[in-house]
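Working notes, structure below.
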Amino acid sequence: MKITVNHPEYEKNVELYSKDGIELIGNLWVKLCTQYKLTHEITWLGVPIIQLSEDIVMMQELIWKVRPDVIIECGIAHGGSALFYASILELIGKGFVIGVDNEIRKYNEIAIKNHPLSHRVVLIEGSSISPQVIKKIKQFTKKQNKIMVILDSNHSKEHVLKELEIYQDIVTPGSYLVAMDGAQEKVADIPNGKPEWKEDNPLAAINTFIKKNKNFQVDGHYCRLKVTANPNGFLKKIKEEENRELL
């Protein structure tokens, strides 16, 4: 069985049951989910989470594996993802989420603070790259051993690259710096997309960051379901002994 895609810029004709076939179907499904905002249909414990279901499962795996003391989330939207991370930490029995957003809308703040998992969430309003916000984050994390960071705020290349450069020093060795929504590049051509997304996206920032930073490596294990908004976005901070082995 073959599948054919006719695009103004290219044509693809691949075997459905092949590596190329599953890659193509995965990319097409991300386009459809974005076009029809299917991620907006998902809630976590009653609060909108705005993530692909496959990425939700992968984040659960990652958090359970790393067992961080703190998860810093830049860009909280409605708060569903912060509560999702908090729920995994609750099962682990430790840790809290620092949710950072340039604007925390009142009704979202109320929903988070009134939630049964609110005791595991700290909210900071302000830009994720502002010195004042970074100072507050460092105050909360200075005594914590394992720190994970998730970048899901402004998705421009410039902003994400600044976040990567700042938060690389906050993430602890062996943990992860997760840059969300690199698939913005892949959905630039959907009807609701924007042409500038083709070049101006988190994946471009990730690729630039990885080229000049040897302390992080892309962990493709968390993109193995093929349907993901975060291609190459799971960045593991290499421990010192791992770094020596690579030299």
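The values are calculated or read from the model by the stated rules, or taken from the named source; none is laboratory data. Worth saying up front: this structure is predicted, and the values here are computed from it rather than measured. Cβ placement follows ideal geometry from the backbone for every residue including glycine, while neighbour counts extend to all protein chains displayed.
Assorted remarks:
- Selection status of Asp55, among the acidic types (Asp, Glu) and buried (at least 21 other Cβ atoms within 10 Å of the Cβ): yes
- None of Ile190, Ile150, Ile206 is hydrophobic (A, V, I, L, M, F, W, C), closer than 26 Å to Leu38 by Cα and in contact with a Cys (Cβ under 9 Å, 6 or more places away or on another chain) except Ile150.
- Only one entry of Lys113, Lys106, Lys136, Lys142 meets the criterion of being surrounded by fewer than 21 Cβ atoms within 10 Å (Cβ to Cβ) and either more than 16 Å from Ile76 (Cβ to Cβ) or touching a Leu at 6+ places or on another chain (Cβ under 6 Å) (or both), and that entry is Lys142.
- Of all the criteria given as (1) out of contact with any helix residue (DSSP H, G or I) (no Cβ under 6 Å at 6 or more places or on another chain); (2) touching a residue at least 60 places away in the same chain (Cβ under 8 Å), the one not satisfied by Gly21 is (2).
- Among residues that are closer than 21 Å to Ala229 by Cβ, of a type outside the set (Phe, Trp, Tyr), touching a residue at least 24 places away in the same chain (Cβ under 8 Å) and touching a helix residue (DSSP H, G or I) at 6+ places or on another chain (Cβ under 8 Å), Val57 is not included.
- Scanning segment 1-45 for residues that are touching a Gly at 6+ places or on another chain (Cβ under 9 Å), under 21 Å from Ile190 (Cα atoms) and not β-branched (Val, Ile, Thr) yields Lys31, Gln35.
- Qualifying residue in segment 22-33 (condition: of a type in the set (Asp, Glu) and buried (at least 19 other Cβ atoms within 10 Å of the Cβ)): no
- Residue match in segment 79-89 (condition: touching a His at 6+ places or on another chain (Cβ under 7 Å) and closer than 25 Å to Asn145 by Cα): yes
- When residues of segment 83-97 are limited to those that are touching a Leu at 6+ places or on another chain (Cβ under 8 Å) and among the aliphatic types (A, V, I, L, M), the one farthest from Glu125 (Cα to Cα): Ala86
- Of the residues making up segment 91-120, just one is aliphatic (A, V, I, L, M) and in contact with a His (Cβ under 8 Å, 6 or more places away or on another chain), namely Ala111.
- Scanning segment 1-43 for residues that are β-branched (Val, Ile, Thr) and within 30 Å of Asn108 (Cα to Cα) yields Val30, Thr34, Thr39, Ile42, Thr43.
- Out of Val160, Val171, Val187, sole residue that is β-branched (Val, Ile, Thr) and in contact with a Pro (Cβ under 8 Å, 6 or more places away or on another chain): Val160
- Filter pass, Glu11 being among the acidic types (Asp, Glu) and surrounded by fewer than 21 Cβ atoms within 10 Å (Cβ to Cβ): yes
- Unique match (being among the β-branched types (Val, Ile, Thr), in contact with a Ser or Thr (Cβ under 8 Å, 6 or more places away or on another chain), free of Cβ contacts under 8 Å to residues at least 40 places away in the same chain and closer than 22 Å to Met180 by Cα) among Val133, Val66, Val122, Val100: Val133
- Which listed residue, of Val218, Val171, Val227, is closer than 23 Å to Cys33 by Cα, of a type in the set (A, V, I, L, M) and modelled with pLDDT of 95 or more: Val227
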